[in-house]
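All remarks here apply to the structure that follows.
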Amino acid sequence: MKTIRVTPHRQNHRAVAGFTLLEISLVISLILGLGMLTGFSINAVQDWKKAKSAAISLQAVHAAQRSYLADHPTTDIQGVSAADLLPYLPEGWATIPTATGLKGEPLTVVHSVMPPYFAVGTTRYDPSTTQTDGLWDAGQ
């Protein structure tokens, strides 16, 4: 008797170069997540930069107030005008500073109190958690 040998049919499988849909989806979601995180970080840094700039402006006005009162010790700070403070501002400051709030609103310095503060209209402006942290205020 004759035996028949059956050999399995061999298919030539080539490795397909590329990525699966799952791998591509994971990479895209990772890139989107990192992009969102970067966007939030940039906004936080820009807000901090505005706050720090405002604090430096208020410190300049506060220094001018102290210098003016050192030269005029009997004067009440409520009677001091912005024009009176101009010569006492630190070097490089030619006008009473202004600032822009976190939402773009214009802020003005209330210099008739010590320490000075920023206001929107008649409302005190300090979006930070405390009024003594040195951001948006001259600190205490």
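Each value in this text was obtained by applying a stated rule to the coordinates, not by laboratory testing. Predicted model, so just to flag it, every value in this text is computed and none were measured. Counting neighbours? That spans all protein chains shown, and the Cβs are built from the backbone with ideal geometry, glycine included.
The figures follow:
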{"item": "Relative contact order (%) - criterion: Cα under 8 Å, at least six apart; region: the chain", "result": "22"}
{"item": "Candidate values (i) 19.8; (ii) 16.4; (iii) 15.9, label of the one derived for Kirkwood radius over Cα pairs in Å", "result": "(i)"}
{"item": "Dipole in debye (nearest 20) - the chain, about Cα centre, beta carbon charges: Lys, Arg +1; Asp, Glu -1", "result": "1720"}
{"item": "Residue-wise HN-Hα coupling along segment 121-135, computed from phi with Karplus coefficients 6.51, -1.76, 1.60 (Hz; x: Gly, Pro)", "result": "x, 10, 9, 5, 10, 7, x, 6, 6, 9, 8, 10, 8, x, 10"}
{"item": "Built amide H within the under 5 Å cut-off of residue 108, gap 5+", "result": "119, 121"}
{"item": "Net charge of Cβ neighbours under 12 Å - reference residue 72; Lys, Arg +1; Asp, Glu -1", "result": "-2"}
{"item": "Dipole in debye (nearest 20) - segment 32-99, about Cα centre, beta carbon charges: Lys, Arg +1; Asp, Glu -1", "result": "340"}
{"item": "Amide hydrogen neighbours beyond the local backbone of residue 114, cut-off 5 Å, H modeled", "result": "none"}
{"item": "Whichever lysines have a C-alpha closer than 28 Å to that of residue 103, once near sequence neighbours (fewer than 8 apart) are set aside", "result": "49, 50, 52"}
{"item": "Table column - 3J(HN,Hα) (Hz), segment 60-67, Karplus curve with 6.51, -1.76, 1.60, x for Gly and Pro", "result": "5, 5, 5, 5, 5, 4, 4, 5"}
